[in-house]
Amino acid sequence: QVQLVESGGGLVQPGGSLRLSCAASGSIFNIRSMGWYRQAPGKERESVAAITSSGTTNYADSVKGRFTISRDNAKNTVYLQMNSLKPEDTADYYCNAEITSYTYVTSRYWGQGTQVTVSS
């Protein structure tokens, strides 16, 4: 009943920027938190950034100062502004959200993933 739809991935040169978006839709009572994970080829999935309903943010050390996570509660959308991109940022990026439905069931949901490639 809940879906996360991502957009904004693509190919950029080192030092460039991208803005990822993730919109949640469906039977949503409350979004406890939203965040972004990424998985590079041959590596484990890792947390990149997260934001709570109160606006508290958390970032992986590798992206601090370069990435900014934000959300628009009215649109049930979370964004990830990625600046000063590096080749090591290349990965599939996945939106993640802890959502409580109108039936008071809380579950974790995932987006379909969007590819980010940083290369000259």
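Structural remarks
- Diffusion coefficient, µm² s⁻¹, Stokes-Einstein with Kirkwood Rh over alpha-carbon pairs of region 22-91 at 20 °C and 1.002 mPa s: 164
- If you take the Cα centroid of region 87-120 and the Cα centroid of region 28-54, the two points sit 6 Å apart.
- Highest mean first, the peptides 78-84, 41-47 sorted by other C-beta atoms within 10 Å per residue fall in the order 78-84, 41-47.
- Extension gain for F29-V105 works out to 26.4 nm (0.36 nm per residue, less the C-alpha to C-alpha distance).
- Projected label points at K43 and T117, each 7 Å from Cα along the beta carbon direction, are separated by 1.7 nanometres.
- Solvent-accessible area of region 23-120 (1.4 angstrom probe, protein heavy atoms only): carbon and sulfur portion equals 45 percent.
- Karplus-derived HN-Hα couplings along region 52-60 (A = 6.51, B = -1.76, C = 1.60, θ = phi - 60°), whole Hz, x at Gly and Pro: 8, 5, 8, x, 5, 10, 9, 10, 5
- Working note: Debye formula, equal point scatterers on the alpha-carbon atoms of the chain, no solvent; log10 I(q)/I(0) at q = 0.19 Å⁻¹ is -0.95.
- Qualifying aspartates and glutamates (Cα of each under 18 Å from Cα of K75; at least 8 residues distant if same chain): E6, E98
- GNM result for the chain, Cα springs below 10 Å: residue of A74, A60, A24 fluctuating most strongly: A74
- Region 1-42 - Rg (one decimal) and Dmax (whole number), Cα, Å: 13.7, 40
- Rolling a 1.4 Å probe over the heavy atoms of the protein chains gives region 1-116 an accessible area of 54 Å² per residue.
- Other residues with beta-carbon under 10 Å from the beta-carbon of I31 carry, at +1 per Lys or Arg and -1 per Asp or Glu, a net charge of +1.
- Under 25 Å from K86, Cα to Cα: lysines that are on another chain or at least 8 residues apart: K43, K64
The values are calculated or read from the model by the stated rules, or taken from the named source; none is laboratory data. Model, not experiment: these values are computed from the prediction. Neighbour counts run over all protein chains shown; Cβ positions are idealised from the backbone, glycine included. These area figures cover heavy atoms from the full protein model, side chains too; ligands, DNA and RNA do not enter into them. Shrake-Rupley method; radii C 1.70, N 1.55, O 1.52, S 1.80 Å.
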